[in-house]
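Notes follow the structure.
The numbers here are math on the coordinates, done by the rules we state, and not lab data. Please read these numbers as outputs of a predicted model, since none were measured by experiment. Note that each Cβ is placed from the backbone with ideal geometry, even for glycine, and that neighbours are counted across all protein chains shown.
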Amino acid sequence: MDLLNTLVDKGLRRELPTREEALAVLATSDDDLLDVVAAAGKVRRHWFGRRVKLNYLVNLKSGLCPEDCSYCSQRLGSTTGILKYTWLKPDQASQAAAAGLAGGAKRVCLVASGRGPTDRDVDRVSETIRTIKDQNEGVEVCACLGLLSDGQAERLRDAGADAYNHNLNTSEGTYGDITTTHTYADRVDTVQKAHGAGLSACSGLIAGMGESDEDLVDVVYSLRELDPDSVPVNFLIPVEGTPLAKEWNLTPQRCLRILAMVRFVCPDVEVRIAGGREVHLRTMQPLALNLANSIFLGDYLTTEGQAGKADLEMIADAGFVVEGTDQVTLPEHRTETAGGGCGSHEAAGCGSHDSAGCGSHEGGGVCGTPAAAAAPAGEPRTDLVAVRRRGAGTDLAPNA
Ligand code: SF4
């Protein structure tokens with residue numbers, strides 16, 4: 001297909017595809033899907049080989065948020081029965097982080113619900129970052145605390161944070177339909193503050209909220225312009241008790257096309273499959289590793305993921321390898337230009353605190369228990385959604 005040859009050539013040259021080309025990827029047929037995956041896979045392997053970076057979420061503070069993000073089970077008025085707790089102590093957070101690192105993660109993503117941190121919250125998180133770094137040599141730490149005020153990104157950097165996550169989530173044009181308590185411009189501003197402080201910026205999106213193909217392309221082009229080092233792609237987990245609970249409109253094929261489009265538009269950036277991986281890609285997860293070079297290990301913020309051991313087995317079975325702490329994630333040209341020296345560090349997925357993990361502070365996940373019967377594509381799969389009941393904030397061992 002001429003389209004795919006063109007996109008591969010552009011991806012290898014880090015050249016921006018046209019909007020029409022990006023839209024055409026989303027419009028490809030199921031018959032062409034494997035060709036699309038193979039083409040985007042060439043770009044992925046050119047920049048990242050067969051490495052898969054594992055990231056581990058630690059939800060420092062769960063629920064009780066005054067904001068109204070429609071996709072989020074921690075939002076004001078949510079009736080989802082998620083864990084609710086206030087700040088984990090530094091040692092508790094470090095213990096949770098250590099479990100993820102022992103499971104193979106190289107980055108820990110510290111996420112807290114809320115509009116944004118107070119200066120006292122930044123002090124608290126700074127102490128947690130220092131504790132984690134002292135107790136876990138070589139760990140990368142990404143903070144995801146919501147909207148930042150002036151000077152807060154610098155303080156987090158000085159405490160040892162490598163990265164900051166804040167997702168754009170959706171296009172500027174539809175942002176007001178998803179959230180009313182803050183704006184798209186607020187989100188852009190925080191990503192820029194992180195960048196400006198020399199932190200590795202992580203910012204991504206949530207697909208499946210009822211947006212159009214044009215919206216998806218808009219947000220991915222906006223992300224390319226912001227130039228984050230990592231782009232988490234969340235697939236909405238329509239959690240009962242949130243306004244978007246009925247938005248079951250993704251299929252595994254649609255998810256693969258979206259990931260391929262993101263890879264073509266952001267070829268040399270860490271593309272992470274974030275929340276909703278198990279729920280929406282289901283048995284197609286291994287194919288998606290040909291597109292993304294990063295995933296979350298284990299559970300998400302408020303929902304459970306598949307067993308960490310299953311994540312590792314999937315990576316090995318698909319012929320990929322877990323990226324080690326001695327390996328640099330990003331291609332050399334990005335590490336040279338990355339502010340703050342993080343080219344090799346990525347963020348996790350919170351930025352918007354979202355569905356996948358953090359960005360929205362939600363999770364996607366599942367499960368451990370296979371679904372009883374396969375439902376038609378795009379049909380509700382509530383059987384695959386389990387609220388997190390283990391790990392941080394509980395007495396039970398984490399999934400890692
Ligand atoms: S995404 Fe973050 S800011 Fe929005 S409601 Fe959830 S926790 Fe609050």
Ordered by residue, what ³J(HN,Hα) values in Hz, to whole numbers, does the range 51-59 give under the Karplus form 6.51 cos²θ - 1.76 cosθ + 1.60, where θ = phi - 60° and Gly and Pro are x?
7, 10, 8, 9, 10, 10, 8, 10, 7
What does DSSP give for the chain in terms of the percent of beta bridges that are antiparallel, rounded to the nearest 5?
5 percent
Taking the Cα centre of the chain as the origin and placing charges on Cβ (Lys, Arg +1; Asp, Glu -1), which of 22, 208, 289 is farthest toward the positive end of the dipole?
289
If you average the alpha carbon positions of the range 1-57 and of the range 120-136, how far apart do those two centres end up, in angstrom?
38 Å
Dipole-positive endmost among 273, 324, 191 within the chain (Cβ charges, Cα centre)
324
Calculated [θ] (222 nm, deg cm²/dmol) that DSSP helices of n ≥ 4 give over the chain, each run adding -39,500 (n - 2.57):
-10500 deg cm²/dmol
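Summing Lys, Arg as +1 and Asp, Glu as -1, what charge do residues with Cβ under 10 Å from the Cβ of residue 143 carry, residue 143 excluded? Present the calculation step by step, with values, prior to reporting the outcome.
Values: positive: 157; negative: 162.
Residues close to residue 143 contribute a combined charge of 0.
Where does each of 296, 48, 235, 320 land when they are ranked from fewest to most other beta-carbon atoms within 10 angstrom? Show your work: numbers first, answer last.
Values: 296 33, 48 24, 235 27, 320 19.
Exposure proxy ranking, most exposed first: 320, 48, 235, 296.
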Considering the chain as a Gaussian network with a 10 Å cut-off on Cα pairs, which listed residue, 253, 152, 327, attains the greatest mean-square fluctuation?
327
Per 10 Å bin, what percent of the C-alpha pairs of the chain does each bin hold, from zero upward?
6, 28, 38, 24, 5, 0
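Set the bar at 28 Å for Cα to Cα. Now go through 10/53; 193/246; 84/133; 61/106; 10/309 and name every pair that lies beyond it.
On the way: 10/53 24 Å; 193/246 35 Å; 84/133 26 Å; 61/106 22 Å; 10/309 36 Å.
Listed pairs above 28 Å: 193/246; 10/309.
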Whole-number percent relative contact order across the range 2-384, with pairs defined as alpha carbons under 8 Å at least 6 apart
24 percent
Fluctuation leader among 143, 112, 102 - the chain, Gaussian network, Cα springs under 10 angstrom:
102
By per-residue mean of other Cβ atoms within 10 Å, what is the highest-first order of 241-252, 271-282, 185-196?
271-282, 185-196, 241-252
Where the only charges are on Cβ atoms (+1 Lys, Arg; -1 Asp, Glu), what is the dipole of the range 2-384 about its Cα centre, to the nearest 20 debye?
720 debye
Among 160, 198, 77, which one shows the highest mean-square fluctuation when the chain is modelled as a Gaussian network with alpha-carbon springs under 10 Å?
77
Once the mean of 1/r over all distinct C-alpha pairs in the range 171-284 is inverted, the Kirkwood radius in Å reads 14.7 Å
